[in-house]
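Readers should treat all values here as calculations from the given coordinates under stated rules, not as data from a laboratory. As the structure is a prediction and not an experimental result, all values here were calculated from the model. Virtual Cβ from ideal backbone geometry, glycine too; neighbours counted across all protein chains shown.
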Amino acid sequence: MMMNSEKMKKKPPKDSLTLLPCFYFVELPIVASSMVSLYFLELTDVVQPAQVGFRCHDRELSMPYVDGGDELIPLLMLLSLAFAGPAASIMLVEGLIYCLQSRLRLRRPEGSINAGGCNFNSFLRRTVRFVGVHVFGLCATALLTDIIQLSTGYHAPFFLTVCKPNYTLAGCDRNAYITKDICSGHDQHAIIAARKSFPSQHATLSAFAAVYVSMYFNSTISDSTKLLKPVLVFAFAIAAALTGLTQITQHRSHPSDVYVGFLIGAFIAAYLAFHAVANFKSSDDVTPAPPPLPPKKDPLRALTERGHESVYNKGP
């Protein structure tokens, strides 16, 4: 009977005056502004990358150019998969956990919250929090990558192929290192993309998505399922590794661009997982427990100790 009563016990709903205001006026504007900034940096030519010099007839920059339509994983497809894969996995796992706890009448990891006349249960709160941080992390990773790419202006392996420099105008006989813009190619979009190689955008986004959802699996899925957790983690890790390797095999990025991109994406994912969502723990577990009360002293024992002290302290 005691076990059943503990299972049936539910946490009373809490009232929150800051939940919706923080969401509407702080979190939502931050995500929206990052998306708008990402649009201008990635899909427009408002900000031009820095112009970096190159050597005449550099073989490392003369690799064949693969058009965006022939690319194995285009950037828009990568953004869709990096968002949809982890988001769908988080929603599915949270839905299964909530249904099992409701069916077995177990205690919820988080109680409900009343805000603005609405009741938000644990499934909705956890899903919005984890998926929201994932979306923000994707935007932050893409923004940071774009800023580094535009600031450095490192050339992609196909730069000279699309640039088609006029070596006669450059005078390679007198100076083998060219700092002027002598590109004669007509595909300006490809030339701009060739100046945004470091770090690899595909590597940073795929690494962020893989590390973030892998940390979610490790913190949420029970250890009783011995193979489910490793299979899911390895699947996302292999997908991220293949995404970066396709950039090397198709001469879209240098190996160093991909390796550094993996490190940047993994670092951002680990930081947000630990500090933004507290390693995917419930908010009740993160809340510090009140300090323990001092133990009550037995009055009879205190009186006895006082009597012993008076006897020992009495002089001859």
Please give the peptides 124-131, 62-69 ranked by average Cβ packing (other Cβ atoms within 10 Å per residue), highest first, as a rough proxy for protection. 124-131, 62-69
Work out how far the C-alpha atoms of the stretch 18-90 reach from end to end along every principal axis, then list the three figures in whole Å, largest first. 61, 30, 17
Residue by residue through the stretch 254-267, the couplings from Karplus 6.51 cos²θ - 1.76 cosθ + 1.60 with θ = phi - 60°, in Hz, x for Gly and Pro, are 7, x, 5, 4, 6, 5, 5, x, 4, 5, 5, x, 5, 5
Most to least packed among 234-244, 93-103 [average Cβ atoms within 10 Å]: 234-244, 93-103
Short version: ³J(HN,Hα) in whole Hz for each residue of the stretch 66-81, in order, from phi by Karplus 6.51 cos²θ - 1.76 cosθ + 1.60 (θ = phi - 60°), x for Gly and Pro, what are they? 9, 5, x, x, 8, 5, 4, 10, x, 5, 5, 5, 4, 4, 5, 5
Order of 154, 212, 167 under a 10 Å beta carbon neighbour criterion, fewest first: 167, 154, 212
Highest-first arrangement of 214-227, 133-146, where packing means the average Cβ count within 10 Å: 133-146, 214-227
